[in-house]
Amino acid sequence: MTTSRLQLAFPDGHPGGDVLVFGAGGSDDLSPLDPARTRIEQGNFPDHRMLSARGFSVEPRLEGCCETAVVVLPRAKPAARARIAAAMQRLEPGGMLWIDGQKTDGVDSILKELRALFGVDEVHSKAHGKIFRVTLTADDQFPTDWAARPVEIAPGFVTRPGVFSADGIDPGSALLARHLPERLPTRMVDLGAGWGWLAAQALAHPGVEVIHLVEADHAALQSARDNIPDPRAQFHWADAREFRLPDPVNGVIMNPPFHNGRDADPRLGAAFIATAAGLLTGAGKLWMVANRHLPYETVLREYFAQVAEIGGDNRFKLFEASGAGRGGNRQRGRR
């Protein structure tokens, strides 16, 4: 969301009454809105923390009603529809609904869709995007299939709109699962656990007494809770790049993200590697899958004494690393 578009919607500042904002990012400029009268739904842990630090009331899922709602569109259309449906559920009769989005995130497609369903009486275009107002009557209802609901995408596994690999098992995670040793360490962490498929595979191996699932996406973590009723699983809504435990573990598995928005950013995976080294005992092991083009070998050797490629295909490569804190970057490996 750009300042210019939000100011076009609210040229006189806060519109009065309570405003609910669905999906605002941590660095979005929300200056037209009064933090004391604004609540934000944000399920991404780093964005949630940044918005809270700016004085906003932030929740992973909003309740209650409002006179004005603003929806910031995500890239995935099912997630965008679910966000719009959530906003409509919270609006009081006669309330205002504003939709803001970039062209690259499909705002034109959503505008066309909403025009066919409801009235749209104000559209502003600026900064490669649009913000528009949807006029709703007391009888208007969003399509029933827009609401965010768990969807079973594999036997015993559900996902929610907008989570990573929402339509099926990620092939990188599937490859890593096939290369895990038969017996796994007793105390494990899954960094960036998503909706829990990889952790569930680890729990099927002998040896595991506890596994910590660490995930920044609240909807993905809720799906993981649904998918893994095993009491050995512990769930942490947290930024994996900063995650700590009171005591070290002896195994980490991970399929780290490598995109920040639309841009590839290998620093994300590098930060996950640093976290893994900080969590592990010296004898503990890291098992990791990465896209083949990403240069993680050097980073792994900075934090681990032994690094080996243990498999892969034309898309992915698999690593096993041990000797945390005894690599080329000893001071940073143990934190």
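The table that follows gives values for the structure above.
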| quantity | calculated |
| --- | --- |
| Extreme residue, most open to solvent (accessible area, probe 1.4 Å), among residues of the stretch 300-315 that are in contact with a helix residue (DSSP H, G or I) (Cβ under 9 Å, 6 or more places away or on another chain) and modelled with pLDDT of 95 or more | GLU309 |
| Odd one out for SER173, checked against (1) open to solvent by less than 20 Å² (accessible area, probe 1.4 Å); (2) among the polar types (S, T, N, Q); (3) in a loop (DSSP other than H, G, I, E, B) | (3) |
| Total residues in the stretch 151-168, condition in contact with a strand residue (DSSP E or B) (Cβ under 7 Å, 6 or more places away or on another chain), open to solvent by less than 70 Å² (accessible area, probe 1.4 Å) and not small (Gly, Ala, Ser) | 4 |
| Residue match in the stretch 247-263 (condition: of a type in the set (A, V, I, L, M) and either modelled with pLDDT under 95 or open to solvent by 40 Å² or more (accessible area, probe 1.4 Å) (or both)) | no |
| Qualifying residue in the stretch 92-99 (condition: in contact with a Lys or Arg (Cβ under 9 Å, 6 or more places away or on another chain), within 20 Å of PRO32 (Cβ to Cβ) and in contact (Cβ under 8 Å) with a residue 40 or more places away in the chain) | yes |
| Hits in the stretch 104-142 (condition: open to solvent by less than 60 Å² (accessible area, probe 1.4 Å), in a loop (DSSP other than H, G, I, E, B) and of a type in the set (Gly, Ala, Ser)) | GLY106, ALA127 |
| Test: residue in the stretch 63-77 that is among the β-branched types (Val, Ile, Thr) and over 23 Å from the mean Cα position of the chain (by Cα) | yes |
| Unmet requirement for GLY207, which otherwise passes all of (1) buried (at least 21 other Cβ atoms within 10 Å of the Cβ); (2) more than 23 Å from GLY312 (Cα to Cα) | (1) |
| Selection count where residues are of a type in the set (Lys, Arg), more than 22 Å from THR186 (Cα to Cα) and without any contact (Cβ under 8 Å) to a residue 40 or more places away in the chain, scope the stretch 208-263 | 1 |
| Wholly enclosed strands (runs of 3 or more DSSP E) of the stretch 1-75 bearing at least 2 residues surrounded by 14 or more Cβ atoms within 10 Å (Cβ to Cβ), of a type in the set (Val, Ile, Thr) and touching a residue at least 40 places away in the same chain (Cβ under 8 Å) | 19-22, 66-72 |
| Subset of the stretch 181-192 that is touching a residue at least 40 places away in the same chain (Cβ under 8 Å) and assigned to a loop (DSSP other than H, G, I, E, B) - its residue that is least open to solvent (accessible area, probe 1.4 Å) | LEU184 |
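Here's the yes/no breakdown for (1) modelled with pLDDT of 90 or more; (2) crowded, with 16+ Cβ neighbours inside 10 Å; (3) of a type outside the set (A, V, I, L, M, F, W, C):
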| residue | (1), (2), (3) |
| --- | --- |
| ASN227 | yes, yes, yes |
| GLN234 | yes, no, yes |
| ALA240 | yes, yes, no |
| ALA270 | yes, yes, no |
| TYR296 | yes, yes, yes |
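The values are calculated or read from the model by the stated rules, or taken from the named source; none is laboratory data. Since we're looking at a predicted model, the values are computed, not measured. Backbone-built Cβ (ideal geometry, glycine too); neighbour counts: all protein chains shown. These area figures cover heavy atoms from the full protein model, side chains too; ligands, DNA and RNA do not enter into them. Shrake-Rupley method; radii C 1.70, N 1.55, O 1.52, S 1.80 Å.
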